[in-house]
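Structure first, then comments.
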Amino acid sequence: MERIEVTQLLDQMRTMTAQAQGEPTEIGAVQGGDSFSSMFSNAINTVNDIQKQSGALAKGFEQGNPNIALSDVMVASQKSSVAFEATIQVRNRLVEAYQAVMRMPI
């Protein structure tokens, strides 16, 4: 099972938010010529993977798999929740930035 680092996901989302707001990003935070859309797509896919893993653990626990502890299910559920909430916050910031640009006089 591939381990997904929530910290790495949050760093990617912070970088995307900073880019969307026109703020300078840290050196090395954005790799090469990655476009914003591909980075955001990767972040969404990562959140989706985290949610799938959480669901699979919960389902396995509900079915009585002795190799899955309740604590593992709860940690995975919280990771999923935090990743989803972070994605929603990034989306909200992007919508705010878009609305601010649209309100600018030409």
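When 52, 79, 59 are checked against the criterion of being part of a helix (DSSP H, G or I) and over 20 Å from the mean Cα position of the chain (by Cα), a single residue qualifies: 59. Take the conditions (1) more than 15 Å from residue 16 (Cα to Cα); (2) of a type in the set (D, E, K, R); (3) surrounded by fewer than 16 Cβ atoms within 10 Å (Cβ to Cβ); residue 79 misses just one of them, which is (3).
When the range 44-72 is filtered for residues that are surrounded by 12 or more Cβ atoms within 10 Å (Cβ to Cβ) and within 30 Å of residue 17 (Cα to Cα), the ones remaining, listed by number, are 44, 46, 47, 48, 49, 50, 51, 53, 54, 55.
Of all residues in the range 69-93, those that are on the phi < 0 side of the Ramachandran plot have Cβ atoms under 8 Å from Cβ atoms of residues that are surrounded by 14 or more Cβ atoms within 10 Å (Cβ to Cβ) and not in a helix (DSSP H, G or I), 6 or more apart or on another chain, in 79/4.
Every number in this text was worked out from the coordinates using simple rules, so none of it is lab data. Please read all numbers here as calculations on a predicted model, not as lab measurements. Using ideal geometry, Cβ is built from the backbone for each residue, glycine included, and neighbour counts are taken over all protein chains shown.
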